[in-house]
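Here the structure comes first, spelled out in C-alpha cells, and everything after it is commentary.
The values are calculated or read from the model by the stated rules, or taken from the named source; none is laboratory data. Computed from a predicted model, the values in this text were never measured in an experiment. With ideal geometry, Cβ positions are generated from the backbone for all residues, glycine too; neighbour counts draw on all protein chains shown. With ligands, DNA and RNA removed, areas are computed over all heavy atoms of the protein, side chains included. Shrake-Rupley method; radii C 1.70, N 1.55, O 1.52, S 1.80 Å.
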Amino acid sequence: MMKKLLDMARTGQRSKPDGAGSEGGSMKAENERGEKLEIDREGNIIQRELENPSGVLPPDMTAEEMRMKNEDDIPGSIDEVKRLLEERCGLSASFDLVLREMVFGGRRVGIFYANGFAKDTVLTEVLKRLTYAMEEEMHDHALQTLFDELIPHIQVSKADNMSNAVELVFKGGTALFIEHEPAAIIIDAKNFPARTTEEPDLERVVRGARDGFVETLLTNVTLVRRRVRDPRLKLKIMNVGKRTNTDVCIGYLSDIANPRLIEEVRNKIKELELDGIPLAEKQLEEAIMRKGWNPYPLVRYTERPDVAAAHLLEGHVVIFVDTSPSAMILPTTFFHHVQHAEEYRQTPFVGTYLRWVRFVGVIGSLFVLPLWLLMVKDPHFKPEVLSFIGPSQSAHLPIMVQFLFAELGIDLMRMAAVHTPSPLATAMGLVAAVLVGEIAVKTGLFVNEVILYLAVAAIGSFATPSYELAMANRLSRLVFILATGLFGAPGFVISATLWVILLALQRSYDSPYLWPFLPFNWKGALAILIRIPVTSSNTRLSLTKPIDRSRQPQRQ
C-alpha cells in the first residue's frame with residue numbers, strides 16, 4: 001500500500017475513491033482542490049497547493065478578508081479594528097484574546113489584551129482614571145491627551161501600525177485603540193506566570209546567596225543589575241524567531257568587554273532566520289555556535305546571578321533568553337566548566353583544595369576505567385605497587401562488555417531517576433543497587449572491581465559542576481574503553497592523544513578551548529590551579545581581551 005502511494009506521489013496522481021469516474025474526473029477534482037502530493041528531498045510525502053497563476057484566493061477567504069489580513073494601518077473605526085484583529089490574530093477564535101470596548105469623554109476606545117498577561121490591578125486603576133476624561137479634552141487630540149495626562153502608568157508607548165501593536169500585546173502589553181486616531185497607546189502592565197527565585201539544584205553552595213534565575217527575563221536581568229550597580233552595564237534586547245518572537249538580552253560592561261566580541265555576538269543573533277526557539281538558550285546556542293556534532297560545550301550555563309555578575313566583571317558576555325532559567329556565558333574554556341561558586345565562598349586555601357579534589361574527580365571519571373582495563377588486558381603495564389589490581393574471579397562476559405553494559409545501565413538509572421516521581425525515587429534506588437548490582441555480581445555477569453571502578457567514575461562525573469561537560473566526558477570515556485578493549489595500549493594512547501588534539505582545535509569565539517595551557521599563559525594557569533585571593537587579583541585575565549585590564553590599583 002505504501003509503495004503504491006509513493007508511486008502515485010511521484011507521478012502527481014491520487015488514488016480514486018470508491019465509485020469514482022474516469023481519470024479525467026479525478027484530475028478535475030484534484031485541480032478544484034488546488035493540491036497535489038509530492039516528495040521532498042528528504043523523502044517525505046508532502047501536500048502542496050498547485051500553482052495558480054490566475055490569482056484565485058485560498059479557500060474560505062474573500063478578497064476583503066485577505067486585504068484586512070495584510071492591512072497594517074490602524075483604522076479609525078473601532079469596528080474595523082475589531083475585524084482587523086479577527087483576521088490578523090484570531091480575536092474571536094482565541095478565548096484568551098479580549099477587546100474591551102468602552103467610551104471615555106465621548107470617544108470609543110478598544111482595549112486589546114491577552115487575558116493571561118494583563119495585570120488587572122494596574123489596568124483597573126488606569127481605567128478608573130480614564131473615566132474622568134472630559135469631552136472637551138478628548139475632542140481634538142484624544143491620543144496625546146491620554147498619553148500625556150490621563151494614563152497613570154510609568155511604562156507607556158505608542159504603536160504606529162497594527163503589526164507593532166499586536167507584537168507588543170503578545171509580549172504582555174495592553175493596547176488602547178482610540179476612534180479616529182491613527183495610532184495606539186501601549187501600556188506595559190504585564191504579569192507573567194512565574195515561580196519565585198530559589199537556589200538552583202545544580203549549583204548549590206554551603207554558604208552564599210540562595211536566589212537563582214527564573215523563567216522571566218526581566219527578573220533575571222534585575223538580579224544581575226542588583227549585583228552590578230554600574231551605569232556601564234548594558235543590556236541590549238533583541239528578538240529571535242519569526243513565530244515565537246522570543247526576547248534575547250545581551251549583557252556586558254561597556255568599558256570592559258571587547259567591542260569586537262559584542263558586535264560578533266549581536267550580528268550572529270541578528271542574522272538568525274528561524275521559526276522560533278521554544279527551547280530557549282539551548283537552541284540559541286546551537287544556532288550561533290554552529291559546533292555540529294562536537295559534544296563539548298562551548299558556552300557555560302549558569303543559574304546563579306552572582307556567577308553571571310562575576311563573569312561580567314571579567315569581560316565576558318552574558319546572554320539571557322526569555323522563558324529560560326539559565327544564562328549563557330561566553331567565551332569559555334574547558335576549565336571554566338570545572339569551576340564552582342563554592343570555591344569562592346571558602347578561604348583561598350580551602351577553595352584551592354576543593355578545586356584540586358574536583359580536578360581529580362574529573363580526570364578519574366575519564367581515565368580510571370580505561371587504565372584499569374589496560375592493566376587487566378596487559379599485566380606488564382601494571383606497577384608492582386598495584387599488583388593487587390585485577391579481577392580475582394572470572395565472569396561470563398568479557399571485561400570490556402561488562403564495562404559497556406554497566407555504562408548503559410548507569411545512564412538508564414540516571415534517566416529513570418529523572419522521570420521517577422519523588423516518592424518512588426528511594427524504591428528505584430534500592431532496585432538499582434540491590435537487585436541489579438548485587439545479583440549481577442552473584443550470578444557471574446559482572447566482577448566486583450568493575451562495579452567498584454564504575455562507581456568511582458560515576459562519582460567523578462557527578463562532581464563535575466557542568467552537566468554538559470560531564471555528559472561529554474562520559475562519551476569520551478566510552479571511546480577510551482572501546483579503543484583500549486579492542487587495541488590495547490596503542491588504542492588508549494591514540495584515542496587520548498586525539499582527544500587532546502580535538503579539544504585544542506576547538507575555539508569559543510576566537511578563544512582557545514584549552515587556554516591557558518594551550519597556548520600557555522602563566523598568569524591564567526596560576527588562576528586555574530590556585531584560587532587566588534581577591535586582593536591579589538590586580539588584573540583581568542587576557543582570555544576575553546578586555547578594554548580595561550586593571551581590576552584594582554596596583555599595590556606599591
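A few comments on the model shown:
- Each label point was placed 7 Å from the Cα along the Cα-to-Cβ direction; for ASP275 and ALA416 their separation is 3.5 nm.
- Placing pseudo-labels 7 Å out from each Cα toward the beta carbon at LYS382 and ARG207 gives an inter-label distance of 4.7 nm.
- In a fully extended conformation the segment linking LEU529 and TRP356 would gain 61.5 nm over its present Cα-Cα distance, using 0.36 nm per residue.
- Summed over all non-identical Cα pairs, the Kirkwood treatment of region 267-391 gives a radius of 18.0 Å.
- DSSP-assigned coil residues among chymotrypsin sites (Phe, Trp or Tyr not before Pro) in region 123-170, each with at most 16 further Cβ atoms within 10 Å: TYR132
- Stokes-Einstein D for region 449-556, Kirkwood Rh over Cα pairs, 4 °C, 1.567 mPa s (µm²/s): 76
- Peptides 241-251, 154-164 ranked from most to least packed by the mean count of surrounding Cβ atoms within 10 Å: 241-251, 154-164.
- Cα-based convex hull volume of region 326-419 per residue, rounded to whole Å³: 189
- Region 159-279, accessible surface, carbon-and-sulfur percent (1.4 angstrom probe): 49
- Annotation: per residue accessible area for region 308-359 equals 33 Å², rounded to a whole number [probe 1.4 Å, protein chains only].
- The simple Förster model, with R0 at 45 Å and r as the Cβ-Cβ distance, assigns LYS242 and ASP148 a FRET efficiency of 0.80.
- Length added when fully stretched, LEU424-ILE451, from 0.36 nm per residue minus Cα-Cα: 7.3 nm
- Protection proxy ranking of 496-504, 106-114 - average other beta-carbon atoms within 10 Å, highest first: 106-114, 496-504
- The listed peptides 406-412, 204-210, ordered by packing as a protection proxy, come out as 406-412, 204-210 (highest mean of other Cβ atoms within 10 Å first).
- Set LYS171/LYS270; LYS270/LYS291; LYS128/LYS171; LYS282/LYS377; LYS270/LYS523; LYS128/LYS158 screened for pairs whose C-alpha atoms are more than 30 Å apart: LYS282/LYS377; LYS270/LYS523
- Convex hull of alpha carbon positions in region 89-146: directionally averaged projected area 4.5 nm².
- At a probe radius of 1.4 angstrom, the accessible area of region 131-224 per residue rounds to 52 square angstrom.
- At the listed q of 0.14, 0.16, 0.20 Å⁻¹, the Debye profile of region 154-304, built from one uniform point per Cα, gives log10 I(q)/I(0) equal to -0.92, -1.16, -1.47.
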